[in-house]
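The values are calculated or read from the model by the stated rules, or taken from the named source; none is laboratory data. Quantities reported herein were computed from a predicted structural model and do not represent experimental measurements. Positions of Cβ are backbone-derived with ideal geometry, glycine not excepted, and every protein chain shown enters the neighbour counts.
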Amino acid sequence: MKPPSTGQAAPGPAILPAEQGRSPKPAAVEISEEEIVRGLAGITEPEPEQEQKTESMAEEAPLPTPSVPAMFIVMMTPELAPAAKVGGLADVVYGLSRELELRGNAVEIILPKYDCMRYDQIFGLTKAYENLWVPWYNGGITTSVWFGCVHGCKCFFVDPHSRDNFFSRGIVYGHNDDLLRFAFFCRAALEFMFKTGKQPEIIHCHDWQTALVPVLLYEVYQHLGMRHPRVCFTVHNFRHQGAGGGYILQATGLNRPEHFFHYDRLRDNHNPQALNLMKGGIVYSNFVTTVSPRHAWEAKDGGQAHGLERTLHLHHYKYGGVLNGLDYTQFNPETDPHIPTHYSLQTIDKKYENKRALRRRLWLAENEKPIVAFIGRLDAQKGLELVRHALFYSLNNRAQFVLLGNSPEHGTNEHFRGIKQHLNENPDCHLEISYDEDLAHLIYAGADLIIVPSRYEPCGLAQLIALRYGTVPVVRAVGGLADTVFDKDYASRPLHERNGYVFDHADNAGIESALRRAIGCYYHFPDHFRQLMINGMRCDFSWKQPGEHYLKIYDYIRDK
Ligand code: ADP
């Protein structure tokens, strides 16, 4: 493995540089957002600031001839869908791993063995390695490594036997010692690979929890003989970087604080007392990606890297954005087991049977109105004040509104429950404050419009799912949303590639401008609206292209 370097330009691969149950309701009346929101707990104030494909999605095109020779790839990850899922990262690791395997590569995944995993999703779980001695502080921790399959993915689960119970805490993240927990995971995963003689061409690490892997590989394991693997590091969210004290160096055996507390290595760019693991991942990896080309630019040049802008600039020659894919087997309106009526491009009218089913399930009025929906975490990142405004705007402008979401913060849930209570009698509105995968699929299939007004959105899955289901997205032009949704009226794209509505400013006027056009088109130009639905369903945001991109990156770095 090559040493970390601080800024020599080199040619890169072809990657572009730099989101129930209640009684029927009477007819709607004009609704004042101010009136209803007044008196409710406030939500956090905003921070300052294709090509056409086959007509039938059921006809899977044959896989292309491999563009690069097959490789052995190890994924290091804190999450994997559906066994250990907290957010989109879990889906990405699963979808990418499946795609790489389909293309003839050997993929193995290493993750912690959490007590809170969905064990019903892991098949053939058996102990693969006992008594692995993982160096830790001045001693070590005896660790078992388990093997099991998660929907066809070969996985190794790291299970330490210590009183710290690193991964038996009932949740994946959120403990005071998260840095230590995941530093241990990195050390244990590499020790396991070393002891079992695994020599993959590529180790692909995801987010700060795995960022010590390239550091340990270069600083420790290379000297023990692991010279082969190259590391690709993907940042899914710059907001969480794993910054903390120097004790990590003693714990992992890296030691040498004078070496690592250096701005060229792991020293945090803003807090000189802290080490920053994500920074270490960027410095020591052979290639760094984030999850869309637009977000790659926003992070490096748009001030959205939460303090790592300078580091990205120094390492710009090995940095780029690769758009996430969507698992098209899980999200397919032709086969989706969660929806009552299947449909395709040819039978797009059957989508309206799902609209009727959605209305029946949520006790919404059967009328001529479009259904505007929001599905997502109720987090400030998602532009909650704009979601709220869109709700009232829709109800006041001849549309129905459905919201499905929840938050780990009690106050935010209560705020939306308050709105729900005030609108309880409204026949055009339903708010569901929970996590409900089944209902999410029905909403994607039954709604006419999906709003995604995020403040920032590294990639975003909601708009990709909506497009797949012929539901027209209305999005803010940030991150992956800007890379995947092209405005019907203003995009500089051919007409057949325009698939939704886009607005720029994160304010009420911004989202109104897009929603007004969308609802107006639905009523006054139904043919145009239908064409938008068709254009969306024709998009290909499967893993095919991202899989190809990652293989090119792996191929580019493997001989370095
Ligand atoms: P993030 O990873 O920031 O949460 P993404 O848009 O990348 O956002 O992915 C979120 C995924 O989780 C989408 O598939 C979305 O449909 C799903 N999701 C979010 N909230 C809910 C919910 N309350 N119920 C069901 N599915 C949800």
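Does at least one position in the range 86-99 carry a residue that is more than 30 Å from GLY480 (Cβ to Cβ), more than 16 Å from the ligand (Cβ to nearest atom) and surrounded by fewer than 21 Cβ atoms within 10 Å (Cβ to Cβ)? Step through it out loud before you land on a result.
The initial filter retains those residues of the range 86-99 that are more than 30 Å from GLY480 (Cβ to Cβ), namely none.
No, because not a single residue in the range 86-99 is more than 30 Å from GLY480 (Cβ to Cβ), more than 16 Å from the ligand (Cβ to nearest atom) and surrounded by fewer than 21 Cβ atoms within 10 Å (Cβ to Cβ).
The rows are residues; the columns are (1) buried (at least 17 other Cβ atoms within 10 Å of the Cβ); (2) modelled with pLDDT under 95; (3) within 21 Å of the chain's Cα centre (by Cα); (4) away from the ligand (no atom under 16 Å from the Cβ).
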| site | (1), (2), (3), (4) |
| --- | --- |
| THR341 | yes, no, no, yes |
| ALA357 | no, no, no, yes |
| ARG360 | no, no, no, yes |
| GLU366 | no, no, no, yes |
| PRO370 | yes, no, no, yes |
| ALA373 | yes, no, yes, no |
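Going by what's in this entry, would ARG377 be described as basic (Lys, Arg) and within 12 Å of the ligand (Cβ to nearest atom)? It would help to see each step written out before you state the result.
Numbers: basic (Lys, Arg): yes; within 12 Å of the ligand (Cβ to nearest atom): yes.
Here the answer is yes, as ARG377 does meet what is asked.
Checked against the criterion of being at pLDDT 95 or above, of a type outside the set (D, E, K, R) and surrounded by fewer than 24 Cβ atoms within 10 Å (Cβ to Cβ), the candidates SER513, SER492 yield just one match: SER513. Condition (residue is crowded, with 24+ Cβ neighbours inside 10 Å, over 16 Å from TYR501 (Cα atoms) and within 15 Å of the ligand (Cβ to nearest atom)) applied to the range 390-398: is it met by at least one residue? Taking every residue of the range 390-398 in turn, none turns out to be crowded, with 24+ Cβ neighbours inside 10 Å, over 16 Å from TYR501 (Cα atoms) and within 15 Å of the ligand (Cβ to nearest atom).
Within the range 462-499, the residues that satisfy the criterion of being closer than 20 Å to GLN381 by Cβ and among the small types (Gly, Ala, Ser) are ALA462, ALA466, ALA477, GLY479, GLY480, ALA482. Considering only the range 205-225, I want to know if a residue exists there that is away from the ligand (no atom under 16 Å from the Cβ) and within 16 Å of LYS113 (Cα to Cα). Yes, the range 205-225 contains a residue that is away from the ligand (no atom under 16 Å from the Cβ) and within 16 Å of LYS113 (Cα to Cα).
Here's the yes/no breakdown for (1) under 26 Å from the mean Cα position of the chain (by Cα); (2) farther than 30 Å from PRO200 by Cβ:
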{"residue": "PRO473", "(1), (2)": "yes, yes"}
{"residue": "ASP489", "(1), (2)": "no, yes"}
{"residue": "ARG498", "(1), (2)": "yes, yes"}
{"residue": "ASP504", "(1), (2)": "yes, yes"}
{"residue": "GLU548", "(1), (2)": "yes, no"}
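Please specify each residue of the range 444-472 satisfying the condition of being out of contact with any Leu (no Cβ under 8 Å at 6 or more places or on another chain) and either within 12 Å of the ligand (Cβ to nearest atom) or more than 30 Å from ALA296 (Cβ to Cβ) (or both). Once the filter is applied, which keeps residues that are out of contact with any Leu (no Cβ under 8 Å at 6 or more places or on another chain) and either within 12 Å of the ligand (Cβ to nearest atom) or more than 30 Å from ALA296 (Cβ to Cβ) (or both), the range 444-472 yields TYR444, ASP448, ILE450, ARG455, TYR456, PRO458, ALA462, ALA466, TYR469. The set of residues in the range 290-311 that are surrounded by 22 or more Cβ atoms within 10 Å (Cβ to Cβ) and either closer than 27 Å to LEU467 by Cα or among the aliphatic types (A, V, I, L, M) (or both) comprises THR290, VAL291, SER292, ARG294, HIS295, ALA296, GLU298, ALA299, ALA305, LEU308.
ASP489 meets all of the listed conditions (1) within 11 Å of the ligand (Cβ to nearest atom); (2) outside any helix (DSSP H, G or I) but one, namely (1). How many residues are surrounded by fewer than 18 Cβ atoms within 10 Å (Cβ to Cβ) and assigned to a helix (DSSP H, G or I) if we restrict to the range 220-250? Count: 2.
Out of curiosity, is HIS441 more than 9 Å from the ligand (Cβ to nearest atom) and either surrounded by fewer than 20 Cβ atoms within 10 Å (Cβ to Cβ) or under 18 Å from GLY405 (Cα atoms) (or both)? The answer is no for HIS441.
Out of all the residues in the range 496-512, is one or more hydroxyl-bearing (Ser, Thr, Tyr) and closer than 27 Å to VAL235 by Cβ?
Pass one, the range 496-512, residues hydroxyl-bearing (Ser, Thr, Tyr): 501.
Those still in the list that are closer than 27 Å to VAL235 by Cβ too: none.
Within the range 496-512, none of the residues are hydroxyl-bearing (Ser, Thr, Tyr) and closer than 27 Å to VAL235 by Cβ.
Residue count for the range 71-85 satisfying the condition of being away from the ligand (no atom under 16 Å from the Cβ) and at pLDDT below 95: 0. Among the residues in the range 420-429, are any closer than 27 Å to PHE503 by Cβ and within 12 Å of the ligand (Cβ to nearest atom)? Checked against the condition, which is being closer than 27 Å to PHE503 by Cβ and within 12 Å of the ligand (Cβ to nearest atom), the range 420-429 yields no hits at all.
When the range 254-284 is filtered for residues that are more than 27 Å from the chain's Cα centre (by Cα) and aromatic (Phe, Trp, Tyr), the ones remaining, listed by number, are PHE260, PHE261, TYR263.
Being aliphatic (A, V, I, L, M) and not in a helix (DSSP H, G or I) is the requirement here; does LEU217 meet it? Give the steps one after another, and end with the answer.
On the way: aliphatic (A, V, I, L, M): yes; not in a helix (DSSP H, G or I): no.
So LEU217 does not fit the description; no.
Just the residues that are closer than 13 Å to TYR129 by Cα and aromatic (Phe, Trp, Tyr), please, taken from the range 159-196. Selection gives PHE192, PHE194.
If the condition is being part of a helix (DSSP H, G or I) and surrounded by fewer than 14 Cβ atoms within 10 Å (Cβ to Cβ), then the range 258-273 contributes GLU258, HIS259.
Residues that are part of a helix (DSSP H, G or I), buried (at least 16 other Cβ atoms within 10 Å of the Cβ) and among the hydroxyl-bearing types (Ser, Thr, Tyr) within the range 516-560 comprise TYR522, TYR550, TYR554, TYR556, listed in sequence order. State which residue pairs qualify: first residue among the basic types (Lys, Arg) and inside the range 445-466, second residue near the ligand (Cβ under 8 Å from one of its atoms) in any location, beta carbons under 7 Å apart, and separation of 6 or more residues or different chains. Between residues of the range 445-466 that are among the basic types (Lys, Arg) and residues that are near the ligand (Cβ under 8 Å from one of its atoms), the close pairs are ARG455/GLN381.
Among the candidates GLU409, GLU432, which residue alone is within 16 Å of the ligand (Cβ to nearest atom), of a type in the set (Asp, Glu) and crowded, with 18+ Cβ neighbours inside 10 Å? Explain how you work it out, then say what you get.
Details: GLU409 fails: crowded, with 18+ Cβ neighbours inside 10 Å.
None of the others qualify; the one that does is GLU432.
Those strands (runs of 3 or more DSSP E) of the range 90-203 in which at least 1 residues are out of contact with any Phe, Trp or Tyr (no Cβ under 6 Å at 6 or more places or on another chain) and under 20 Å from VAL235 (Cβ atoms), considering only elements entirely within it, cover 106-112.
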